[in-house]
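Asks: Structure provided below as structure tokens; questions to follow.
The values are calculated or read from the model by the stated rules, or taken from the named source; none is laboratory data. What you see is a predicted model; the values in this text were computed from it and never measured. For neighbour counting, all protein chains shown are included, and Cβ atoms are generated from backbone atoms with ideal geometry for every residue, glycine included. Note: areas computed on protein heavy atoms with side chains; ligands, DNA, RNA excluded. Shrake-Rupley method; radii C 1.70, N 1.55, O 1.52, S 1.80 Å.
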Amino acid sequence: AAAELEEAYGPPPAGAEVAGRIYRLATDKFPDSVPLVVHYAHWLIARAEHSQLRAALELALKTLPAERCRPVWDLYVHFEARFGSSSQLRALQDRRSEALPAVYGPSVMSSLFACSSSAAFEGLWPSPDAVSPSPHPHATL
């Protein structure tokens with residue numbers, strides 16, 4: 001909350017810098033907080049701080065126990081599918097499969113997910129962001 005307040009009400013260039021320092025201090029002090037890591041990651045994505053994002057996510061994956069890392073892995077894979085290369089995406093998917101074999105091991109579903117993620121990356125499959133559901137004809141706005 002403090003980081004968001006600094007960014008919203010602080011002077012324009014300095015407010016974002018202070019917000020970034022607050023997030024870094026918070027993740028240093030509470031390295032086991034998955035929601036904090038995910039929130040910080042979304043903040044970095046919104047600011048196109050891709051190298052800082054990758055560093056923060058890699059640190060979180062090294063620090064957090066594997067059984068608690070699923071949201072971090074999923075966010076990282078989604079990020080690489082949108083902004084990384086196909087080789088980075090495949091390597092990250094392989095690492096995630098090794099780290100969470102019960103969830104992303106060599107099964108039909110994980111293979112289909114990997115295929116669809118790669119297809120979305122290559123522009124051959126619509127990403128979830130590109131597809132919006134049509135409203136129900138009887139829905140009120």
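Asks: Would you check if there is a residue in the stretch 71-84 being at pLDDT below 90 and either in contact with a Leu (Cβ under 7 Å, 6 or more places away or on another chain) or of a type in the set (S, T, N, Q) (or both)?
Replies: no
Asks: Now for a different question. Please specify each residue of the stretch 71-87 satisfying the condition of being in a helix (DSSP H, G or I) and loosely packed, with under 15 Cβ neighbours inside 10 Å. Quick ask: steps written out before the conclusion?
Replies: Step one: of the stretch 71-87, the residues in a helix (DSSP H, G or I) are 71-83, 86-87.
Of everything in the stretch 71-87, those that are in a helix (DSSP H, G or I) and loosely packed, with under 15 Cβ neighbours inside 10 Å turn out to be ARG82, SER86, SER87.
Asks: Starting from residues that are basic (Lys, Arg) and closer than 16 Å to GLU58 by Cβ, keep the ones in the stretch 88-109 and report whichever is least open to solvent (accessible area, probe 1.4 Å). If you could, list the steps in order and put the result at the bottom.
Replies: As a first pass, look at the stretch 88-109 and keep what is basic (Lys, Arg): 90, 95-96.
Keeping just the survivors that are closer than 16 Å to GLU58 by Cβ gives 95-96.
On the way: ARG95: 94, ARG96: 8 Å².
This residue is ARG96.
Asks: Of the numbered conditions (1) of a type outside the set (D, E, K, R); (2) part of a helix (DSSP H, G or I); (3) under 22 Å from ALA99 (Cα atoms), PRO31 fails exactly one; give the number of that condition.
Replies: Against the list (1) of a type outside the set (D, E, K, R); (2) part of a helix (DSSP H, G or I); (3) under 22 Å from ALA99 (Cα atoms), PRO31 comes up short only on (2).
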